[in-house]
1. Name the residue, out of GLN135, GLN149, that is more than 26 Å from PHE226 (Cβ to Cβ) and either out of contact with any Lys or Arg (no Cβ under 7 Å at 6 or more places or on another chain) or modelled with pLDDT under 85 (or both).
2. Inside the range 130-146, can you point out the residues that are surrounded by fewer than 18 Cβ atoms within 10 Å (Cβ to Cβ) and part of a strand (DSSP E or B)?
3. Among the residues of the range 88-129 satisfying the criterion of being in contact (Cβ under 8 Å) with a residue 40 or more places away in the chain, under 16 Å from ARG146 (Cα atoms) and not in a strand (DSSP E or B), which is farthest from the chain's Cα centre (by Cα)?
4. Can you tell me how many residues in the range 5-52 are closer than 19 Å to PHE105 by Cα, open to solvent by 40 Å² or more (accessible area, probe 1.4 Å) and under 27 Å from the mean Cα position of the chain (by Cα)?
5. Condition test on LEU179, is it buried (at least 16 other Cβ atoms within 10 Å of the Cβ) and either under 20 Å from the mean Cα position of the chain (by Cα) or modelled with pLDDT of 75 or more (or both)?
6. Just checking, does the range 82-102 include any residue being in contact with a Leu (Cβ under 8 Å, 6 or more places away or on another chain) and at pLDDT 85 or above?
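The values are calculated or read from the model by the stated rules, or taken from the named source; none is laboratory data. Fair warning: this is a prediction, and the values are worked out from it, not measured in the lab. Cβ sites come from the backbone with ideal geometry, for glycine too, and all protein chains shown count toward neighbours. Just the protein is used for accessible areas: all its heavy atoms, side chains included, with ligands, DNA and RNA removed. Shrake-Rupley method; radii C 1.70, N 1.55, O 1.52, S 1.80 Å.
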Amino acid sequence: MTVHTNSDGALIEVELSGQVTSADYTNTLVPAIEAALTEHDTVRLLAIIQPEFQGYDLGAAWSDTKLGLSHWRGFDRIAVVADQGWVQTSVRLAAPILPCPVQVFDLTELEGARRWMRESLGSIHVTDLSGPCVQISLLGKLDPERYKQAERDLDSLLQDRPGFRLLIDLREFDGWQGLSALAAHFRLASRHIGQLDRAAIVGDKSWQRMAQKVASHVLGTQTQFFPSEEYDNASAWLAAG
């Protein structure tokens, strides 16, 4: 196991080959992560699995579990670069229950993985549509940081309004990066639910249509789903009445 930390300390690359032992964790990886967390609230971890990687011994497997539990909220993003099918499958199965964005890449995509570690994943735009109407557009695959800024933008926009109507644009939305992003999604407009008069949801996917039914109960107000090609109809419905 070899570990490299970038210049500002927030991005750690770990390269795994052969059989990884508990000593590799104790002497190499854990000190690097804990040193980074003294300077940063969260770190990003890029794991490069070489073809010679044989797996963990029992002690290393336990060390891996302890590392994840003790720094559960310490990871901002994790990428795993590997060609072994069993490694990729294991990571994809674990990804939905991890609290941060996780992505799997082939070894030939190493530079793409490094770019993904550096770049912003998605964005949320809060737009004043004039009158009582406000639009929230979700683009790409979102992480919790995007929601924090969107909360501030929405708070600022609504602070002097007695009520508002909301257009939720999901036409370019690809989902959430980890459970913490999903939780942030439900917190986004929660403090303003009492001000909400009606909501329109615009999208393409069947789960988005189902989400409208859930939103109707959660928001406690009238909601309507519109296919992407009916965006103008959604705007008109929102403004009417």
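1. Of GLN135, GLN149, the one residue that is more than 26 Å from PHE226 (Cβ to Cβ) and either out of contact with any Lys or Arg (no Cβ under 7 Å at 6 or more places or on another chain) or modelled with pLDDT under 85 (or both) is GLN149.
2. LEU139, GLY140, LYS141
3. ARG118
4. 3
5. Considered against the rule, which asks whether it is buried (at least 16 other Cβ atoms within 10 Å of the Cβ) and either under 20 Å from the mean Cα position of the chain (by Cα) or modelled with pLDDT of 75 or more (or both), LEU179 comes out as no.
6. Of the residues in the range 82-102, the ones in contact with a Leu (Cβ under 8 Å, 6 or more places away or on another chain) are 82-83, 96-99, 101.
Going one step further and asking which of them are at pLDDT 85 or above, we end up with 82-83.
The answer is yes; a qualifying residue exists.
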